[in-house]
1. What is the residue count in the range 85-106 for residues that are out of contact with any strand residue (DSSP E or B) (no Cβ under 9 Å at 6 or more places or on another chain) and not in a helix (DSSP H, G or I)?
2. Might you check whether a residue that is at pLDDT 90 or above and assigned to a helix (DSSP H, G or I) occurs anywhere in the range 65-77?
3. Residue by residue through the range 88-113, note down the ones that are within 14 Å of residue 137 (Cα to Cα) and exposed (fewer than 14 other Cβ atoms within 10 Å of the Cβ).
């Protein structure tokens, strides 16, 4: 028999956005005073570290964000990596790998938000590449599509086909225009 209802279990809360460590520690310690514990001894609330800043000198491995105070390391894909319509450039892939390694070196789960979701094949291409590179948490708006396993890996083939088709159409249009001009010149 399946038991339904609320199940008492540990809860992990990850504060995203502009929540900083001093605010988190202060708020958590106030709430823990009733139990005579403080944030550094016990907590179930973590930060979402800034993935795009983790590799900077300010956030060296020994200080700042780590698995004691953070759970994820997140960044906007759009702002950090940019458009990958024609595939990842070497610089984009290097940046992606550096960010993932920076998160992993602190035992954090790398995550990207603002992943373009249109067209679907483009979105699928990006998600597949993120998984291949070691991103552990994906932003997914169309949960049913992902759960059903409808991931299309042929995005770059489609781009190549569209480019070839466009070149073909320009050539055909140019020939038709040229023939039309020649015919008009004969009149």
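The values are calculated or read from the model by the stated rules, or taken from the named source; none is laboratory data. None of the values given here were measured: they were computed from a predicted structure. Cβ sites come from the backbone with ideal geometry, for glycine too, and all protein chains shown count toward neighbours.
1. Adding up the residues that qualify gives 5.
2. The answer is yes, given that some residue of the range 65-77 is at pLDDT 90 or above and assigned to a helix (DSSP H, G or I).
3. 107
For (1) within 12 Å of the chain's Cα centre (by Cα); (2) more than 15 Å from residue 137 (Cβ to Cβ), each residue gets a yes or a no:
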site	(1), (2)
69	no, yes
77	yes, no
82	yes, yes
86	no, yes
